[in-house]
1. Take the residues in the range 36-57 that are surrounded by fewer than 12 Cβ atoms within 10 Å (Cβ to Cβ) and among the polar types (S, T, N, Q), then tell me which one is farthest from the chain's Cα centre (by Cα).
2. Criterion first (on the phi < 0 side of the Ramachandran plot, in a helix (DSSP H, G or I) and either among the small types (Gly, Ala, Ser) or under 17 Å from the mean Cα position of the chain (by Cα) (or both)) does Val63 satisfy it?
Amino acid sequence: MSLGDYDALINPKPEAPLWVQRVVDGLSWAFPAIAAPCSVGGGIMALRNENAWAAALGIAGGVISALGVGFTNWASRIRDNRLAQVRSLGALGMDIANTALNRMPPDF
């Protein structure tokens with residue numbers, strides 16, 4: 001293992017508190033759910049020729065969608081950290097099992 005290798009068990013990345021993770025998950029679902037009605041409302045207002053409302057709803061939908069993408073990215077990075085730790089733990093378990101099997105006498 002070289003100095004550039006990263007091991008999630010030996011040097012885990014700092015993890016956000018559980019309440020922050022729940023908020024991030026909730027917002028990553030809520031923002032797209034809010035942006036969808038804004039987009040539909042903007043389309044309806046455009047059909048009614050109420051351009052000011054259509055523009056406001058379209059802009060709001062775009063901003064909310066961008067926030068949703070940001071929070072979804074953050075939630076994904078949290079899950080990637082957890083996955084790296086679990087994968088590293090599994091690799092450690094396999095290494096321990098292989099070492100134990102290799103140390104057994106051949107006639108066991």
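1. Among residues in the range 36-57 that are surrounded by fewer than 12 Cβ atoms within 10 Å (Cβ to Cβ) and among the polar types (S, T, N, Q), the one farthest from the chain's Cα centre (by Cα) is Asn49.
2. Spelling it out, it is not the case that Val63 is on the phi < 0 side of the Ramachandran plot, in a helix (DSSP H, G or I) and either among the small types (Gly, Ala, Ser) or under 17 Å from the mean Cα position of the chain (by Cα) (or both).
Yes or no, residue by residue, for (1) among the β-branched types (Val, Ile, Thr); (2) surrounded by 12 or more Cβ atoms within 10 Å (Cβ to Cβ); (3) under 26 Å from Ala8 (Cβ atoms); (4) modelled with pLDDT of 90 or more:
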| site | (1), (2), (3), (4) |
| --- | --- |
| Ile34 | yes, yes, no, yes |
| Ile59 | yes, yes, no, yes |
| Gly70 | no, yes, yes, yes |
| Ile78 | yes, yes, yes, no |
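The values are calculated or read from the model by the stated rules, or taken from the named source; none is laboratory data. If you're wondering where the values come from, they're calculated on a predicted model, not measured in any experiment. In this analysis, Cβ positions are derived from the backbone assuming ideal geometry, glycine residues included, and neighbour counts consider all displayed protein chains.
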